[in-house]
Amino acid sequence: MKKLKQIIQQVKAFPADDPDGLTALLWQLICYSPKMPVRLQQEQLLNEAEKFSLQVNDDYFAKWKLTFNGFKWGNGKYRILLTHGWGSKAADLADIIAALRMVPDVQVIAFDAPGNGSSEGELSNLLLFAEAVKAIALAYGKPDVLVGHSLGAMANIKATEKLGYNPALLASLTPLVRLKENFEASMTFAEVGQQAQAGFLESFEKLFHKPAAYYNLNDRYTFNAGTNHWLAYDHDDAVSPYAYLEEFLSTRPFIRTAAYDGAGHERILKSAEMIEGLVAEVSRALRHG
């Protein structure tokens with residue numbers, strides 16, 4: 001977090017007569033994922049896991065293979081994969097992992113996405129998250145249940161569509177819906193002017209060969225009523241505004257939703273009410289799967 005604060009201060013103080021230099025710094029602001037230390041309780045949970053490492057290609061930033069670290073609990077026949085959000089790590093899902101381990105006959109898998117937590121990488125992005133999900137599915141089998149938080153929810157959807165199958169349950173917790181608007185909010189918070197924001201978005205499109213607006217869940221989501229999708233949200237979510245989610249849900253009435261108002265975008269991961277609802281959804285899906 002200290003480095004991110006330094007980046008924000010550098011952006012605010014950057015001279016206006018060097019737009020190229022500012023754009024380079026904005027890549028750090030948008031794609032550097034802050035790394036928080038593992039707490040004692042989280043460390044104890046990780047110590048109980050079987051650890052593994054896999055690799056994914058980073059075609060845009062590092063331009064080589066990055067090793068990312070994962071954790072497995074249990075050896076049941078049903079695989080549950082959890083994907084954390086931006087600036088997070090597997091250990092931040094500790095309360096959810098502990099609850100899901102109590103579901104009969106499951107194996108719970110979580111990982112630190114490239115550029116996050118203990119995994120390699122200086123910068124990260126949605127594609128690296130999704131590639132990590134795919135790598136785990138190819139190494140250990142397609143998950144029966146995928147649980148994703150924030151950007152991780154978007155990554156699960158993207159990866160599952162690429163893998164071409166319907167899981168028994170797709171669970172999305174306060175999912176991001178629009179990446180471009182998320183980028184703009186981060187830049188506005190750092191007092192970046194509209195011209196400089198436009199310069200960054202142009203550089204994004206040049207690097208990824210797609211505009212940031214392309215990564216809009218409302219346009220990219222291809223699942224239909226045959227998918228068992230459960231979504232948890234907070235009407236007052238400041239990170240992923242409900243207005244975006246409402247638009248997304250309006251054309252997809254088959255997605256079942258549960259509001260946990262007051263939980264917050266990040267704190268929902270520790271909401272006892274949400275976790276109880278999630279465990280019930282998982283248990284029901286595996287029982288009827």
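Rounded to the nearest 10 degrees, the inclination of helix 151-163 to the longest alpha-carbon principal axis of the chain is 70 degrees. Sequence-distant contacts, meaning Cα pairs under 8 Å at least 6 residues apart, place the relative contact order of the chain at 17 percent. Projected onto planes of every orientation and averaged, the convex hull of the alpha-carbon atoms in the stretch 189-289 covers 8.8 nm². Of the GluC sites (Glu not before Pro) found in the stretch 1-73, the ones in coil according to DSSP and having at most 14 other Cβ atoms within 10 Å of their Cβ are Glu48. Convex hull of alpha carbon positions in the chain: directionally averaged projected area 14.3 nm². Look at Lys89, Lys12 and count the other Cβ atoms within 10 Å of each Cβ; fewest to most, that gives Lys12, Lys89.
Placing +1 on the Cβ of every Lys and Arg and -1 on the Cβ of every Asp and Glu, with no other charges, gives the stretch 13-93 a dipole of roughly 600 debye about its Cα centre. Only the Cβ atoms of Lys and Arg (+1) and of Asp and Glu (-1) were treated as charged; on that basis the dipole of the stretch 196-250 about its Cα centre amounts to roughly 340 debye.
On a per residue basis, the convex hull of the C-alpha atoms belonging to the stretch 41-123 measures out at 88 Å³. Largest GNM mean-square fluctuation among Asp144, Asp234, Asp20, using the chain with Cα springs under 10 Å: Asp20. Residues Phe68, Phe183, Phe189 in ascending order of nearby Cβ atoms (within 10 Å, fewest first): Phe189, Phe183, Phe68.
Projecting the Cα atoms of Gly226, Tyr242, Thr188 onto the charge dipole of the stretch 160-257 (Cβ charges, centred on the Cα centre) puts Gly226 farthest toward the positive pole.
When the Cα positions of Ser118, Met274, Gly262 are compared along the charge dipole of the chain, Ser118 comes out farthest toward the positive end, with charges on each C-beta of Lys, Arg, Asp and Glu. The antiparallel fraction among DSSP beta bridges confined to the chain stands at about 40%. Annotation: the residues Ser53, Ser250, Ser186, sorted from fewest to most other C-beta atoms within 10 Å of their own C-beta, follow the order Ser250, Ser53, Ser186.
Measure nothing but the geometry: give the 0 to 90° angle between the long axis through the Cα atoms of 179-189 and the longest principal axis through the Cα atoms of the chain, rounded to 10°. Between helix and principal axis, roughly 50 degrees.
When only C-alpha pairs under 8 Å and at least 6 residues apart count, what is the relative contact order of the stretch 160-289, in percent?
Worked out over the stretch 160-289, it gives 32 percent.
With respect to the chain, whose longest principal axis is taken over its alpha-carbon atoms, helix 19-31 is tilted by about 10°.
Relative contact order for the stretch 1-117: 25 percent, from Cα pairs under 8 Å spaced at least 6 residues apart, divided by residue count. Each of Asn166, Gly148, Ala130 was placed along the dipole of the stretch 124-212 (beta-carbon charges, centred on the mean Cα), and the one lying farthest toward the positive end is Asn166.
Each Lys and Arg adds +1 at its Cβ and each Asp and Glu adds -1 at its Cβ; summed about the Cα centre, the stretch 140-259 shows a dipole of about 540 debye.
Bear in mind these aren't lab numbers, they're just calculated from the coordinates by the rules spelled out. Everything quoted here is computed from the prediction, not taken from an experiment. Cβ atoms come from the backbone with ideal geometry, glycine included; neighbour counts cover every protein chain shown.
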